[in-house]
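Chemist: One structure, as structure tokens, below. Some questions next.
The values are calculated or read from the model by the stated rules, or taken from the named source; none is laboratory data. As the structure is a computational prediction, the values presented were derived from the model and not from experiment. No Cβ is skipped: glycine too gets one built from the backbone with ideal geometry, and neighbour counts run over all protein chains shown.
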Amino acid sequence: MGITFDSNTKSYILQAKSSTYIIKILKDKYLAHIYWGKKIVNPSSDSIYQKASRCSFSPNPDEDDTFTLDTMLSEYPAYGNTDLRMPAYQVKLNNGTRITDLSYDSYEITKGKPGLKGLPAVYTENDSEASTLSITLTDSLIGLKVILSYTVFDEYDVVIRQARFVNEGSDNLTILRALSMSVDFDHYDFDMIHLSGSWTRERHIVKRPLVTGTQSIESRRGASGHSENPFIALSSKNATENAGEVYGFSFVYSGNFLASVEVDQYGTTRVAMGINPFDFEWELKTQDEFQTPEVVMAYSSNGYGEMSRNYHHLYRNRLARGQYKNKVRPIVINNWEATYFDFDADKIKEIAKEASALGIEMMVLDDGWFGERNSDNSSLGDWYVNKEKLPDGIGQLAKDVKAYGMQFGLWFEPEMISPNSDLYRAHPDWCLHVPDRHRSTGRNQLILDYSRKEVRDAIVEMLSEILSTADISYVKWDMNRNMTEIGSAMLEAKNQMETAHRYILGLYEVLETITSRFPDVLFESCAGGGGRFDPGMLYYMPQNWTSDDTDAAERLKIQYGTSLVYPSSVMTAHVSAVPNHQTGRITPFEFRGHVAMAGNFGYELDVTKMSNEEKELVKEQVRLYKEIREIVQYGEFYRLLNPFDGQFTAWNFVSDNKKEAVLFFYKVQGTPNAPLYRFKLDGLDNDLQYKIEELDNILSGEQLMNYGVNVPMELGFGDYRSFMYRLKAID
């Protein structure tokens, strides 16, 4: 495995765990893409490479009239010098022209994987885990150098790509487009998969066949967003969970993005991903550099499930950081849907005391504890304690909660500022805004300008004051609106289109500072639920509030879609009260518990108002989850029944040694006189015998995966029915 250069064919051979990626130098100048797919141990790139001469409408870059970039499968294409398809980058010169001509210059192969300055990135814990190829391209006329980076791991079927622009010329340049990767396929017999939705309806799976022309997803919202996740996949037409080729593309970034697929006139497919070039420019001064974020490209020859588990392993072990990345997560109770803004210290202690008696491990105080915050119309930015609600302060409340045997967590929204706040009255120019234009609010708030150092420093100081003077074990970091009137008072007119990206870089700096300063705190990302659920945030915070929609029936689709890329250890899921606050739906307590147990488990309700019978149900759910949470959070995840295909959902989690498993089945709506039903498990050991605790049955792994399990007849009647089985191998 690793990376080699074949000097005879002028080809780079990148070998990942079970896949191969090949690049070839043509005419000592151009980088051609040759192959990406199932492993070829000894490939012959010359026999794979094909070229075809076309008509005059595909021009020739040199005297060879049989060669055109317009039909070459390319690695990092430019626009304007005969490739007329979607470019990966575009640079404007001082004379106003936008034509560049990058030529192959040199390469370097190194062990390990370098970090990216100021950006989140997959990492190695030992250089022996991975190899990195850096290819330098140059445009000698203007002194532009672009270094393309490719990293492959021995134990993961991924190719991780990014690009770095260096201006070694005498004139400043303007980057108009700087995508992180581009790759071409020689056909378009694919389905395109992406994760779409809205607030409270995030990451629903959308599948559509590729057609000629351009099909793309993007965000122009200043964040990765609720509506599209920064991920796409191309799959063969016959792909299932366990069969078919799948190519995944996941962008490690939290701001505006573009993921675009173009099928050209000759039936070839180009995939490109990176920072959205819409409303983006970057001044690249002489001797300066610009670094793109990275894209994790994953390959599977065994369907969607293998691709997902590849991402799960990588993101859990080599993207998430800190002590919690492999540590079981606490069972949380959050007061938000229990009280909203209407609480005081006594109410929070009352909830904590009752929750502790039920076995819950952490009390999280949500929005409303600071400034004069009694509704969402004030005080964001005033990160000092509201003494009317908490007269003894956060520190004393944390001590009181801890006295019940619980940990204490706190909500912040550090990127926002309320027009009705002391901070805004003191610094009205600290928000993103455009001179002389109306400042649009969302949830009665504006966005702080994190491109400004003084703003970042002030927020770090305020948060550090709270976190260092109270025993806080958990922080929920929220963000509740998208960007409008994107401008910065500190940037010159020519640099205003850098604002959105500089904001994200500033955010990453703040997150790095705070999480490094408080390494014992478990940080959870939130953005109105799943509005910034991306790998970039995962680098700083090992879990994410999956959606503001706590309705169990809706959560099935949300959690199923999220699992296409993200592991269960990232997904937070809570049991809430009924009628549900987002949908009005009434579902059984057991159903709500089974759905929430498929992630980082908790509650979002007022336990002090529950009946004794309901409290016993909570006790039992908590007891069960403590028994299974290590497998759920860190085991292998297998999707069995798809909620987008019908009324049933099922998935199972399997321990690394395959000796334990947890199975969940859910039925949303009942069918009169329903037929008998069974379904198959996955990921078990054929040769092991498993005892199903709930049935007191012993069945072989072979039978469970080839025949499956019968759905109990009693679940045929009624809506919102579910069961959970625990499987343990016996000697």
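Chemist: Out of all the residues in segment 181-225, which are among the charged types (D, E, K, R) and more than 22 Å from residue 558 (Cβ to Cβ)?
Modeler: 184, 186, 189, 220 - these are the residues of segment 181-225 that are among the charged types (D, E, K, R) and more than 22 Å from residue 558 (Cβ to Cβ).
Chemist: Separate question: Does segment 56-66 contain any residue that is under 36 Å from the mean Cα position of the chain (by Cα), of a type outside the set (Ser, Thr, Tyr) and either under 24 Å from residue 212 (Cα atoms) or surrounded by 14 or more Cβ atoms within 10 Å (Cβ to Cβ) (or both)?
Modeler: No; the residues of segment 56-66 include none that is under 36 Å from the mean Cα position of the chain (by Cα), of a type outside the set (Ser, Thr, Tyr) and either under 24 Å from residue 212 (Cα atoms) or surrounded by 14 or more Cβ atoms within 10 Å (Cβ to Cβ) (or both).
Chemist: Still on this model: With respect to residue 389, is the statement that it is part of a loop (DSSP other than H, G, I, E, B) and either buried (at least 21 other Cβ atoms within 10 Å of the Cβ) or in contact (Cβ under 8 Å) with a residue 24 or more places away in the chain (or both) true?
Modeler: The answer is yes for residue 389.
Chemist: Got a sec? Which of 119, 102, 141 is crowded, with 22+ Cβ neighbours inside 10 Å and either under 27 Å from the mean Cα position of the chain (by Cα) or at pLDDT 95 or above (or both)?
Modeler: 102
Chemist: For segment 57-91, name all the residues that are closer than 20 Å to residue 275 by Cα and out of contact with any His (no Cβ under 8 Å at 6 or more places or on another chain).
Modeler: Within segment 57-91, 76, 77, 78, 79, 85, 86, 87, 88, 89, 90, 91 meet the criteria.
Chemist: Look at segment 398-419 and say how many of its residues are part of a strand (DSSP E or B) and more than 26 Å from the chain's Cα centre (by Cα).
Modeler: 2
Chemist: Within segment 281-311, which residues are under 22 Å from the mean Cα position of the chain (by Cα) and aromatic (Phe, Trp, Tyr)?
Modeler: 299, 304, 311, listed by residue number.
Chemist: Of these, 139, 184, 191, which one is more than 21 Å from residue 78 (Cβ to Cβ) and among the charged types (D, E, K, R)?
Modeler: The match here is 191.
Chemist: Quick check on residue 166: is it part of a strand (DSSP E or B) and either modelled with pLDDT under 95 or not hydroxyl-bearing (Ser, Thr, Tyr) (or both)?
Modeler: When the stated conditions are applied, residue 166 passes them.
Chemist: What pairs can you find where one residue is in segment 699-714 and β-branched (Val, Ile, Thr), the other is part of a loop (DSSP other than H, G, I, E, B) and surrounded by 14 or more Cβ atoms within 10 Å (Cβ to Cβ), and their Cβ atoms are less than 6 Å apart, with a gap of 6+ or different chains?
Modeler: These pairs meet every condition: 711/677.
Chemist: Then there's this: With the requirement that a residue be of a type in the set (S, T, N, Q) and in a loop (DSSP other than H, G, I, E, B), what does segment 76-105 give you?
Modeler: 81, 82, 94, 95, 97, 100
Chemist: All but one of (1) more than 22 Å from residue 480 (Cα to Cα); (2) in contact (Cβ under 8 Å) with a residue 24 or more places away in the chain hold for residue 418; state the number of the condition that does not hold.
Modeler: All conditions pass for residue 418, except number (1).
Chemist: When segment 641-663 is examined, which residues are found to be surrounded by fewer than 21 Cβ atoms within 10 Å (Cβ to Cβ) and closer than 16 Å to residue 567 by Cα?
Modeler: 655, 656
Chemist: OK, next. Kindly indicate whether any position in segment 176-196 is at pLDDT 95 or above, part of a strand (DSSP E or B), in contact with a strand residue (DSSP E or B) (Cβ under 8 Å, 6 or more places away or on another chain) and over 27 Å from residue 565 (Cβ atoms).
Modeler: Scanning segment 176-196, I find at least one residue that is at pLDDT 95 or above, part of a strand (DSSP E or B), in contact with a strand residue (DSSP E or B) (Cβ under 8 Å, 6 or more places away or on another chain) and over 27 Å from residue 565 (Cβ atoms), so the answer is yes.
Chemist: Any residue at all in segment 247-262 that is outside any strand (DSSP E or B) and under 19 Å from residue 84 (Cα atoms)?
Modeler: no
Chemist: Would you confirm whether any residue within segment 345-365 is of a type in the set (D, E, K, R), in contact with a strand residue (DSSP E or B) (Cβ under 9 Å, 6 or more places away or on another chain), farther than 30 Å from residue 625 by Cβ and assigned by TED's automatic domain parsing to the domain that holds residue 473?
Modeler: So far as segment 345-365 goes, no, none of its residues is of a type in the set (D, E, K, R), in contact with a strand residue (DSSP E or B) (Cβ under 9 Å, 6 or more places away or on another chain), farther than 30 Å from residue 625 by Cβ and assigned by TED's automatic domain parsing to the domain that holds residue 473.
Chemist: When you scan segment 268-318, how many residues do you find that are of a type in the set (Gly, Ala, Ser) and over 20 Å from residue 88 (Cβ atoms)?
Modeler: 5
For (1) out of contact with any Ser or Thr (no Cβ under 8 Å at 6 or more places or on another chain); (2) more than 22 Å from residue 291 (Cβ to Cβ), each residue gets a yes or a no:
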position	(1), (2)
70	no, yes
74	no, no
85	yes, yes
96	yes, yes
107	no, no
124	yes, no
160	no, no
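Chemist: Right, another one. Just one of 553, 596, 577 is under 23 Å from the mean Cα position of the chain (by Cα), surrounded by fewer than 24 Cβ atoms within 10 Å (Cβ to Cβ), in the same structural domain as residue 362 (by TED's automatic domain parsing) and hydrophobic (A, V, I, L, M, F, W, C); which is it?
Modeler: Among 553, 596, 577, only 553 is under 23 Å from the mean Cα position of the chain (by Cα), surrounded by fewer than 24 Cβ atoms within 10 Å (Cβ to Cβ), in the same structural domain as residue 362 (by TED's automatic domain parsing) and hydrophobic (A, V, I, L, M, F, W, C).
Chemist: Moving on. Select from segment 36-71 the residues that are closer than 21 Å to residue 17 by Cα and part of a loop (DSSP other than H, G, I, E, B) and list them in ascending order.
Modeler: Within segment 36-71, 39, 40, 41, 42, 43, 44 meet the criteria.
Chemist: Now for a different question. Tell me, which strands (runs of 3 or more DSSP E) lie completely within segment 630-714 with 2 or more residues that are more than 34 Å from the chain's Cα centre (by Cα)?
Modeler: 689-692, 697-700
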